[in-house]
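S.K.: Okay, handing you the structure first.
The values are calculated or read from the model by the stated rules, or taken from the named source; none is laboratory data. Since we're looking at a predicted model, the values are computed, not measured. Neighbour counts run over all protein chains shown; Cβ positions are idealised from the backbone, glycine included.
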Amino acid sequence: MIRIALTTFPEEEAAEQAARTLVTENLAACGTILPGARSIYRWEGKIEDSREVVVLFKIDAANQDRFEARLLELHPYDVPEMVFLLPSHVHAPYAQWIVAAGK
């Protein structure tokens with residue numbers, strides 16, 4: 001089974017570095033970097049408005065705990081966004097590739 005892990009980074013360089021590391025360490029099959037996001041949120045009592053980079057990681061569910069721990073080590077934010085999505089359907093050959101990449 002696979003998961004989509006969604007997170008944001010403050011800049012593309014940090015997103016690329018984390019994606020490259022997680023793929024190299026076989027904790028993610030792919031990290032899709034989507035620059036140009038804008039997040040408006042409350043942080044420490046203030047409303048913030050930040051440009052961010054969204055990354056969608058495709059991971060084997062068996063690696064989720066190790067992926068999460070490593071992403072926390074790599075991430076520059078104190079409290080990074082980390083949302084794991086369970087797709088209702090994934091093209092079987094693609095899912096097999098993701099699982100194989102995590103071994």
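S.K.: Take the conditions under 13 Å from the mean Cα position of the chain (by Cα) and either loosely packed, with under 14 Cβ neighbours inside 10 Å or assigned to a helix (DSSP H, G or I) (or both) and apply them to Glu16. Does it pass?
M.R.: Numbers: under 13 Å from the mean Cα position of the chain (by Cα): yes; either loosely packed, with under 14 Cβ neighbours inside 10 Å or assigned to a helix (DSSP H, G or I) (or both): yes.
Considered against the rule, which asks whether it is under 13 Å from the mean Cα position of the chain (by Cα) and either loosely packed, with under 14 Cβ neighbours inside 10 Å or assigned to a helix (DSSP H, G or I) (or both), Glu16 comes out as yes.
S.K.: Within region 67-89, count every residue that is buried (at least 16 other Cβ atoms within 10 Å of the Cβ) and more than 12 Å from the chain's Cα centre (by Cα).
M.R.: 0
S.K.: Just to be sure before I move on: is Tyr94 in a helix (DSSP H, G or I) and of a type in the set (Phe, Trp, Tyr) in the structure I sent?
M.R.: The answer is yes for Tyr94.
S.K.: Name the one entry in Ala28, Ala15, Ala5, Ala19 that is under 27 Å from Ala95 (Cα atoms), in contact with a helix residue (DSSP H, G or I) (Cβ under 6 Å, 6 or more places away or on another chain) and touching a residue at least 12 places away in the same chain (Cβ under 8 Å).
M.R.: Just one listed residue meets the conditions, Ala28.
S.K.: Scan region 32-66 for residues that are assigned to a strand (DSSP E or B), of a type in the set (A, V, I, L, M, F, W, C) and either in contact with a helix residue (DSSP H, G or I) (Cβ under 6 Å, 6 or more places away or on another chain) or modelled with pLDDT of 95 or more (or both) and jot them down.
M.R.: Ile33, Leu34, Ala37, Ile40, Ile47, Val53, Val54, Val55, Leu56, Phe57, Ile59
S.K.: Which numbered condition in (1) at pLDDT 95 or above; (2) surrounded by 12 or more Cβ atoms within 10 Å (Cβ to Cβ); (3) closer than 25 Å to Lys103 by Cα; (4) not charged (D, E, K, R) is the only one that Met1 fails?
M.R.: Only one criterion in (1) at pLDDT 95 or above; (2) surrounded by 12 or more Cβ atoms within 10 Å (Cβ to Cβ); (3) closer than 25 Å to Lys103 by Cα; (4) not charged (D, E, K, R) is unmet by Met1, namely (1).
S.K.: Another question, if that's okay. Hey, any hits in region 47-56 for a residue that's in contact (Cβ under 8 Å) with a residue 60 or more places away in the chain and over 12 Å from Glu11 (Cβ atoms)?
M.R.: Looking for residues that are in contact (Cβ under 8 Å) with a residue 60 or more places away in the chain and over 12 Å from Glu11 (Cβ atoms), one finds none in region 47-56, hence no.
S.K.: What's the total number of residues in region 19-42 that are of a type in the set (A, V, I, L, M, F, W, C) and surrounded by fewer than 12 Cβ atoms within 10 Å (Cβ to Cβ)?
M.R.: Selection size over region 19-42: 1.
S.K.: Does Leu71 satisfy the condition of being in a helix (DSSP H, G or I) and touching a Pro at 6+ places or on another chain (Cβ under 8 Å)?
M.R.: Criteria met by Leu71.
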